[in-house]
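Novice: Sending over a structure as structure tokens; questions will come in a sec.
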Amino acid sequence: MPDVLMDCTGHRVDWTSLGGIGLRARELAAEIARVADVTVFSPGSLPEQLGAGVRLVTREAAWADELRRSDMVYSFDSPSPERLSAVVDSGKPVIVENAPPLEHALYPSLVRSADREDVYRDTVEAYRRQLASGTFFTCRSAVERATLVANLCVTGRVTVEAMRASGALDRLISTIPIGFSESAAAAARRELSGADPERTFRVVWSGGLWTYLDPVFALDAVRMARSRGVPVELVFLYGRENADNAVVLSGLLDAVEEHGCGDFVTVRRAPLGRAEYFRVLAGASALICVGRRGVENDTCVRLRARDSRLFGLPTVLDRHGPTFDELTRDGLAHGADDPEEGADALAAIHRQRGDRAPLDSYAYRRTARDLCAWIEKGKGER
């Protein structure tokens, strides 16, 4: 079997500090392991078993050896320029999954930098190099495929021969919607089967606390819903402070204190283990994740759609982006353009609560077939 090296750059894959990209990489690795030996390279991650056929390497110094022994490399968001250069120089096939680095231009840590334009230019250049060096591309949604194709066109990667072979460019690109692994679906079903149908009406914010999101919107919607007699509780799962969410987190904590919401709002500051994560989401009645209007929300589907699909959870979110469009097609979206409409959505979800199950059409066992076939056939010849 081929050896696939998945370079997660700064995205950790251990459950104590898992983000959306790390989780995506971790679960795709489990599926790819059916047809290849997979090494996940994630410096900074805590040692952890990732499943049969998948090794986790956490030592930065091991990179050169791992690259040497691999047959192909899978490169994700925010690639290390040095490691990407090494991959390109090696001549090995490169699978690329990334989207235009638009949100990066709003990171507070970057905006505060005196040389922010140079730093951002370097980030964009790393993305451009991925476009130039990729042998095969994966994307997470239709809108991301559209932006990818446009970028590949202007960088010269779309050719007459490529279009003649496939007008859909499916020999170059595979769309793998945000979904989940077989083991995650099994774990979700186990937890859902034991959930109490009369459980507390608990709504979970699982979207991170980033500058393009609006957690205070969720707080206000819950306050309004409670004033109408809806017994809703709100839990924020990601409240650990870092340089790029400090202002957002501080604003949320101030709002909780100002409105005296401590008895029905919880901001979890410690990371969840895997078992606890499944218990919390299986016991939730809905998700809420509201974004601010902006180009970031126009050009991607939020990775937290995975939680909606894995647990069949109705989700309250803004209408101005493809996340709403996709979850609407899934039958999970409840749109809200202001907190009052958010309160209406929560009341409707409370009235309509029913059985939930994973949306199996998003299992990577189904959606990553083309990618796995490409890897298995060794179509990495450049």
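Novice: With among the aromatic types (Phe, Trp, Tyr), buried (at least 20 other Cβ atoms within 10 Å of the Cβ) and in contact with a strand residue (DSSP E or B) (Cβ under 7 Å, 6 or more places away or on another chain) as the only criterion, which of 180, 201 stands out?
Specialist: 180
Novice: Determine whether the range 111-122 contains at least one residue that is within 21 Å of the chain's Cα centre (by Cα), in a helix (DSSP H, G or I), modelled with pLDDT of 95 or more and not β-branched (Val, Ile, Thr).
Specialist: The answer is no; no qualifying residue exists.
Novice: Looking at the range 247-265, can you tell me whether even one residue there is modelled with pLDDT under 95 and closer than 19 Å to residue 23 by Cβ?
Specialist: No, the range 247-265 contains no residue that is modelled with pLDDT under 95 and closer than 19 Å to residue 23 by Cβ.
Novice: Could you tell me how many of the residues in the range 201-230 are more than 19 Å from residue 335 (Cβ to Cβ), assigned to a loop (DSSP other than H, G, I, E, B) and in contact (Cβ under 8 Å) with a residue 60 or more places away in the chain?
Specialist: 3
Novice: Sticking with this structure for a sec: Wholly within the range 26-86, which strands (runs of 3 or more DSSP E) include no fewer than the required count, namely at least 3 residues that are aliphatic (A, V, I, L, M)?
Specialist: Strands (runs of 3 or more DSSP E) meeting the threshold: 54-57.
Novice: Another question, then. Find the residue count for the range 244-297, including only residues that are hydrophobic (A, V, I, L, M, F, W, C), assigned to a loop (DSSP other than H, G, I, E, B) and touching a residue at least 60 places away in the same chain (Cβ under 8 Å).
Specialist: Summing the residues that are hydrophobic (A, V, I, L, M, F, W, C), assigned to a loop (DSSP other than H, G, I, E, B) and touching a residue at least 60 places away in the same chain (Cβ under 8 Å) in the range 244-297 gives 4.
Novice: Taking the range 30-63 as the search range and keeping residues that are over 21 Å from residue 376 (Cβ atoms), among the aliphatic types (A, V, I, L, M) and touching a residue at least 12 places away in the same chain (Cβ under 8 Å), which one is most open to solvent (accessible area, probe 1.4 Å)?
Specialist: 46
Here's the yes/no breakdown for (1) within 16 Å of residue 220 (Cα to Cα); (2) open to solvent by 30 Å² or more (accessible area, probe 1.4 Å); (3) not acidic (Asp, Glu):
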{"residue": "234", "(1), (2), (3)": "yes, no, yes"}
{"residue": "242", "(1), (2), (3)": "no, yes, yes"}
{"residue": "254", "(1), (2), (3)": "yes, yes, no"}
{"residue": "260", "(1), (2), (3)": "yes, yes, yes"}
{"residue": "266", "(1), (2), (3)": "yes, yes, yes"}
{"residue": "275", "(1), (2), (3)": "no, yes, yes"}
{"residue": "283", "(1), (2), (3)": "no, no, yes"}
{"residue": "289", "(1), (2), (3)": "yes, no, yes"}
{"residue": "295", "(1), (2), (3)": "no, yes, yes"}
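Novice: Restricted to the range 310-361, and to residues that are surrounded by 18 or more Cβ atoms within 10 Å (Cβ to Cβ) and of a type in the set (S, T, N, Q), which residue is farthest from residue 185 (Cα to Cα)?
Specialist: 323
Novice: Just the residues that are touching a Ser or Thr at 6+ places or on another chain (Cβ under 6 Å), among the aliphatic types (A, V, I, L, M) and more than 26 Å from residue 171 (Cα to Cα), please, taken from the range 80-125.
Specialist: Result: 106, 119.
Novice: Follow-up question, since we're still on this one. Run residue 144 past the list (1) part of a loop (DSSP other than H, G, I, E, B); (2) closer than 17 Å to residue 301 by Cα; (3) among the charged types (D, E, K, R) and report the number of the one that doesn't hold.
Specialist: (1)
Novice: Within the range 224-242, track down each residue that is small (Gly, Ala, Ser) and over 20 Å from the mean Cα position of the chain (by Cα).
Specialist: Hits for the range 224-242 are 225, 227, 229.
Novice: Do we find a residue being closer than 30 Å to residue 325 by Cα, open to solvent by 30 Å² or more (accessible area, probe 1.4 Å) and either at pLDDT 95 or above or of a type in the set (Gly, Ala, Ser) (or both) anywhere in the range 83-103?
Specialist: Scanning the range 83-103, I find no residue that is closer than 30 Å to residue 325 by Cα, open to solvent by 30 Å² or more (accessible area, probe 1.4 Å) and either at pLDDT 95 or above or of a type in the set (Gly, Ala, Ser) (or both), so the answer is no.
Novice: Looking at the range 209-227, can you tell me whether even one residue there is surrounded by 20 or more Cβ atoms within 10 Å (Cβ to Cβ), small (Gly, Ala, Ser) and either under 30 Å from residue 148 (Cα atoms) or at pLDDT below 95 (or both)?
Specialist: No, that holds for no residue.
Novice: Another one. Quick check on my filter: what residues within the range 297-309 are open to solvent by less than 10 Å² (accessible area, probe 1.4 Å) and among the aliphatic types (A, V, I, L, M)?
Specialist: 301, 305
Novice: If you don't mind, there's one more thing I want to ask. Need the failing condition index for residue 193 against (1) in contact with a helix residue (DSSP H, G or I) (Cβ under 7 Å, 6 or more places away or on another chain); (2) more than 30 Å from residue 149 (Cα to Cα); (3) of a type in the set (Gly, Ala, Ser), just the number.
Specialist: (1)
Novice: Looking only at the range 157-174, count every residue that is within 19 Å of residue 133 (Cα to Cα) and open to solvent by less than 50 Å² (accessible area, probe 1.4 Å) and tell me the total.
Specialist: 6
The values are calculated or read from the model by the stated rules, or taken from the named source; none is laboratory data. On a predicted model such as this, the values are computed, not experimentally measured, just so you know. So basically every Cβ, Gly included, is an ideal-geometry build from the backbone, and we count neighbours across all protein chains shown. Quick note on the areas: whole protein, heavy atoms, side chains included, nothing else; ligands and nucleic acids left out. Shrake-Rupley method; radii C 1.70, N 1.55, O 1.52, S 1.80 Å.
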